[in-house]
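Each reported figure results from applying straightforward, stated rules to the coordinates on display, with no laboratory input. What you see is a predicted model; the values in this text were computed from it and never measured. Backbone-built Cβ (ideal geometry, glycine too); neighbour counts: all protein chains shown.
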Amino acid sequence: MTVRSTDGPPTIEDAARQLGVPVVAVDRAFGVVTIDPKQGLYSVQVDAAHLPADAPSDEFSGPFSDPRIEPFGPPRDAPPPDKTST
């Protein structure tokens, strides 16, 4: 979820208040991630089960998915592929 703050990164409590969710719904391990400090945009991860059901859809800004991020290609400590076999 995207939150706004003109005074630097908001606290978890400030983000929860702004989004209208309980503080326990905001993932403390994820924390507050800076998106664009000049525009005062920050991101927090929120348990979707805690979002208000009657809130207008334009009040919340996603993305709402949490894709797994993995490295691309073979592990760096893997031996190089054997090029002699065909």
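A few points about this structure:
- You can think of it this way: the chain between Arg76 and Arg4 has 22.0 nm of extra reach, that is 0.36 nm per residue less the Cα-Cα gap.
- Residue order, fewest to most surrounding Cβ atoms within 10 angstrom, among Phe30, Phe72: Phe72, Phe30
- For the pair Leu41 and Arg28, the difference between a 0.36 nm per residue extended length and the Cα-Cα distance amounts to 2.9 nm.
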